[in-house]
């Protein structure tokens, strides 16, 4: 994994999560321009996914590799799922789900980095 891209994804996910937490506390629903913010986060997550897939093809196959790919797929799917849920649920709890989804992405990327260091050390 590329260290600076990993940091960008984590800080972006935590920043977006903080923004949606503020919106939750203010009891605001998810509106259209919030989805643009989620789309920008998803683009960054997908950039991380593409670079990770390219790099993981060069390592030996192991249990850690399977775990890494699972975390990668989950991180790529959480933001759209949370965005859809937040759009459908017009209460402030839909906004809380989006905040939780973005925080989940930050934790998943942290865990992916830890697993990557195991996979990279095994090669």
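General remarks:
- Qualifying residue in segment 18-25 (condition: surrounded by 13 or more Cβ atoms within 10 Å (Cβ to Cβ), over 11 Å from the mean Cα position of the chain (by Cα) and under 20 Å from residue 117 (Cβ atoms)): no
- If the condition is being more than 18 Å from the chain's Cα centre (by Cα) and touching a residue at least 12 places away in the same chain (Cβ under 8 Å), then segment 59-86 contributes 59, 60, 62, 64, 65.
Only the coordinates and a few stated rules stand behind these numbers; no lab work does. Bear in mind the structure is a predicted one, so any value in this text is a computation, not a measurement. No Cβ is skipped: glycine too gets one built from the backbone with ideal geometry, and neighbour counts run over all protein chains shown.
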